[in-house]
Amino acid sequence: MKVGIVGLPNVGKSTVFNSLTRAGAEAQNYPFTTIDPNLGVAAVPDDRLVAVARVMGSKRIVPATIDFVDIAGLVRGANAGEGLGNQFLGHIRECDAIAHVVRCFEDENVVHVHAGVDPEGDIETIDTELLLADLASVERRLERIARAAKSGDAKLKAEAAELERLRDHLSDGSPARVYPETETLAGAMSTLITAKPTLYVANVDEESVAHGNRSSSQVEKHSRSEGAEAVRICAKLEAEVAELPDDEAREYLAMLGVETTGFEEFVRAAYRLLGLVTFFTAAEKEARARILNEGSTVRQAAGRIHNDMERGFIAAEVGDWQDIVAAGSWAKAKGEAKVRLEGRDYVVKDGDTILVRFNV
Ligand SMILES: Nc1nc2c(ncn2[C@@H]2O[C@H](COP(=O)(O)OP(=O)(O)OP(=O)(O)O)[C@@H](O)[C@H]2O)c(=O)[nH]1
Ligand SMILES: [Mg+2]
């Protein structure tokens, strides 16, 4: 899974990126600190995996990961070449989801590129730029397809007609994600930024992490109106916490009245937004968590582990992580009938621990 971080310049995108990936990207108090995109990987924190690894005697723990890309800030007029962000939107087109960072913290020392802290206005500015970028991309594709369709190819003609409708839809100011899905447009849609699920990140002050503030409420309201997800984090605090050992981090957060790190919230929201589940595999060598689309079968899950396992799939032993941990070992869980043998069409549930039987 890959998430692209967007937002105005100087709102804390790189700080958020650092808090998620511990990648140490440059975050400074001036717009356009980020020029070349930062790429980083975040390990998904999961206490369940640690517990499973312990009872399975696994030597190594390999968490699920999420890739992040942090690009230059977008400004009003980006589509017409203003600022820098527009050049890097290609990186966002490859992503599965967008994290839209919105400034919700007051700090007179940190320059705001437009009028001042104004979440609604900021979101609209970014949305407009993303929409215009998509519109330009659809127009380019339409031109290409329409030219090719002159050969009389029925499929190309159909796509050209659909693209015209999509262009009009975007021109009216509606994002691609609310355009009805069609097979003809699948290719075009996969590259459109406004077609991607969006997670708003309200970047608040330390004091507002626990209960939010007026600005973060606006972001939450906006996100609800779109059926999107919103999380509240203090990026600056998170970036500091990310540098601490786990137990110290929790203690520090507890002092501020926060139970989980913003990153944990972020991951949970991303899972809800994208409809994801986690499953575990565990043996002596390693215990591993993997991300899967909700509704996937155990055979598809096997394919995430290895292609051969999907091809030669016979059956899978499946147990809920909690039952395995309570039993104390895989063998004991089996003895207590907590491990079931499932066929290829079994739909994997969040927290399943899976042992695949397959033919090579
Ligand atoms: N007070 C406060 N300052 C913050 C917070 N988050 C980020 N900042 C500061 O805001 C400034 C900009 O942060 P960056 O992470 O570089 O912002 P950016 O969005 O990546 O900026 P560009 O790359 O220039 O577009 C830095 O000085 C940060 O320390 C926060 O939650 N509170
Ligand atoms: Mg930056």
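The values are calculated or read from the model by the stated rules, or taken from the named source; none is laboratory data. Just so you know, these numbers come straight off a predicted model, no measurement behind them. In this analysis, Cβ positions are derived from the backbone assuming ideal geometry, glycine residues included, and neighbour counts consider all displayed protein chains.
Among the residues making up the range 319-345, a single one is buried (at least 19 other Cβ atoms within 10 Å of the Cβ) and assigned to a loop (DSSP other than H, G, I, E, B): Val339. Among the conditions (1) more than 20 Å from Ile92 (Cα to Cα); (2) in contact with a helix residue (DSSP H, G or I) (Cβ under 9 Å, 6 or more places away or on another chain); (3) modelled with pLDDT of 90 or more, the only one that Gln28 does not satisfy is (3).
Assess whether Glu106 counts as being surrounded by fewer than 21 Cβ atoms within 10 Å (Cβ to Cβ) and within 16 Å of ligand 1 (Cβ to nearest atom). Yes; evaluated as a whole, the condition is true for this residue. Only one entry of Val16, Val55, Val11 meets the criterion of being in a helix (DSSP H, G or I) and within 15 Å of ligand 2 (Cβ to nearest atom), and that entry is Val16. Scanning the range 268-302 for residues that are assigned to a helix (DSSP H, G or I) and either touching a strand residue (DSSP E or B) at 6+ places or on another chain (Cβ under 7 Å) or among the polar types (S, T, N, Q) (or both) yields Ala269, Ala270, Arg272, Leu273, Leu274, Val298, Arg299, Gln300, Ala301, Ala302.
Looking across the range 109-128, the residues that are aliphatic (A, V, I, L, M), within 16 Å of ligand 2 (Cβ to nearest atom) and either surrounded by 14 or more Cβ atoms within 10 Å (Cβ to Cβ) or at positive phi (or both) come down to Val110, Val113, Ile126.
Restricting attention to the range 58-108 and to residues that are of a type in the set (Lys, Arg) and over 26 Å from Leu273 (Cβ atoms), the residue that is nearest to ligand 2 (Cβ to nearest atom) turns out to be Arg76.
Of all residues in the range 275-289, those being out of contact with any helix residue (DSSP H, G or I) (no Cβ under 6 Å at 6 or more places or on another chain) and under 9 Å from Gly57 (Cα atoms) number 4.
For beta carbons closer than 6 Å, sequence separation of 6+ or different chains, a first residue in the range 339-360 that is without any contact (Cβ under 8 Å) to a residue 60 or more places away in the chain and over 24 Å from Pro63 (Cα atoms) and a second that is surrounded by 18 or more Cβ atoms within 10 Å (Cβ to Cβ) and among the charged types (D, E, K, R), the qualifying pairs are Arg344/Arg299. The set of residues in the range 32-47 being surrounded by 15 or more Cβ atoms within 10 Å (Cβ to Cβ), more than 9 Å from ligand 2 (Cβ to nearest atom) and not aliphatic (A, V, I, L, M) consists of Pro37, Gly40, Pro45, Asp46.
Residues checked against (1) at pLDDT below 90; (2) over 29 Å from Glu251 (Cβ atoms):
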{"residue": "Arg165", "(1), (2)": "no, yes"}
{"residue": "Arg177", "(1), (2)": "yes, yes"}
{"residue": "Ala186", "(1), (2)": "no, yes"}
{"residue": "Met189", "(1), (2)": "no, yes"}
{"residue": "Ala210", "(1), (2)": "yes, no"}
{"residue": "Ser216", "(1), (2)": "no, no"}
{"residue": "His222", "(1), (2)": "no, yes"}
{"residue": "Gly227", "(1), (2)": "yes, yes"}
{"residue": "Ala239", "(1), (2)": "yes, no"}
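Restricting the range 19-35 to residues that are in a loop (DSSP other than H, G, I, E, B) and among the hydroxyl-bearing types (Ser, Thr, Tyr), which is farthest from ligand 1 (Cβ to nearest atom)? Among those residues, the one meeting the criterion is Tyr30. Selection over the range 305-330 of residues that are closer than 13 Å to Arg48 by Cα and of a type in the set (A, V, I, L, M) gives a count of 3.
Name the single residue, out of those in the range 243-264 being within 19 Å of the chain's Cα centre (by Cα) and buried (at least 20 other Cβ atoms within 10 Å of the Cβ), that is modelled with the lowest pLDDT. Among those that are within 19 Å of the chain's Cα centre (by Cα) and buried (at least 20 other Cβ atoms within 10 Å of the Cβ), it is Thr261.
Selection of the range 346-360 for residues being surrounded by 14 or more Cβ atoms within 10 Å (Cβ to Cβ) and hydrophobic (A, V, I, L, M, F, W, C) yields Val347, Val348, Ile354, Leu355, Val356, Phe358.
Among the residues making up the range 136-154, those that are within 33 Å of the chain's Cα centre (by Cα) and either more than 23 Å from Gly90 (Cα to Cα) or touching a residue at least 40 places away in the same chain (Cβ under 8 Å) (or both) are Ala136, Ser137, Val138, Arg141.
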